[in-house]
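Worksheet for the structure shown next.
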Amino acid sequence: MMINHFEFRNLWPTPLLKTRVELPHEEISDYVREKFVGFDEYTSYYNEDFNSHIKQMLPHRELMERCMIRGGDLFLKERNYGVPEEKLSYWFSVYNEADDHCLHTHPNTLIAGTYYPYADDMSAPIRFRSPTLVTQMHSEPRIEPDDLYHNHEPHTGDMLFWPSWLEHEVRPQKRVDDGKSRVAISFNFGRC
């Protein structure tokens with residue numbers, strides 16, 4: 001018996017949509033940093049009143065929301081989803097030294113995403129974990145760490161979209177100069 005044909009396939013690829021948006025990034029990031037002065041947390045996610053307060057006067061809010069909705073619609077269209085009824089919710093984060101966000105998903109939504117009004121070479125990356133990691137255990141001992149994680153080094157103007165079930169985290173932020181803290185506006189798009 002001989003093998004006369006073989007074919008390797010990578011099954012179940014995970015989509016990630018990276019876009020670049022043209023917005024007044026500096027004005028948006030300066031505004032968000034200013035609002036966080038005196039606020040004891042790095043994110044507004046857990047404080048609905050504070051999050052609403054930031055949104056009220058957010059510069060170019062409607063334009064930013066249109067970019068998020070347009071990207072979400074493109075992502076869903078590419079994945080053959082219908083158009084969701086409830087579309088968008090978002091919150092703000094300012095990462096200074098040692099700030100991080102543990103591994104998590106975004107339940108009860110179709111898409112998770114992040115827009116970076118400010119990020120540079122010193123900004124902590126967002127790290128995505130392979131959805132196959134929990135099932136691999138010890139069955140494939142030669143898998144390289146780079147095959148299990150994908151680091152996205154954010155840059156000002158990046159806007160990312162991914163399936164809400166994809167685990168991701170932000171590793172601890174290294175020391176940054178004042179006015180250069182990593183600013184992220186994270187969002188959920190569509191309801192399950």
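The values are calculated or read from the model by the stated rules, or taken from the named source; none is laboratory data. Bear in mind that the values here come from a model prediction, so they are computed numbers and not experimental data. Glycine gets a Cβ as well: all are built from the backbone with ideal geometry, and neighbour counts include every protein chain shown. Side chains included, ligands, DNA and RNA excluded: accessible areas come from the protein's heavy atoms. Shrake-Rupley method; radii C 1.70, N 1.55, O 1.52, S 1.80 Å.
Details
- Across every pair of non-identical alpha carbons in the chain, the mean reciprocal distance, once inverted, gives a Kirkwood radius of 18.0 Å.
- Among His106, His53, His168: highest mean-square fluctuation, GNM of the chain, C-alpha pairs under 10 Å: His53
- Counting only heavy atoms of the protein chains and using a 1.4 Å probe, Lys180 has close to 90 Å² of accessible surface.
- Within the stretch 85-102, backbone nitrogen closer than 20 Å to the virtual label 7 Å beyond the Cα of Glu62 toward Cβ: 87-90
- Only protein atoms count toward the accessible area here, which uses a 1.4 Å probe; on the stretch 1-130, the carbon and sulfur part of that area reaches 50 percent.
- With the simple spin-label model, which puts each label point 7 Å out from Cα in the Cβ direction, the Ser52 to Arg20 separation comes to 3.8 nm.
- Compared with the direct C-alpha span, the chain from Lys77 to Tyr45 gains 8.7 nm at full extension, assuming 0.36 nm per residue.
- Among complete DSSP H helices in the chain, those whose alpha-carbon atoms stretch at least 20 Å along the helix's long axis and whose mean Kyte-Doolittle hydropathy reaches -0.5 are 61-78.
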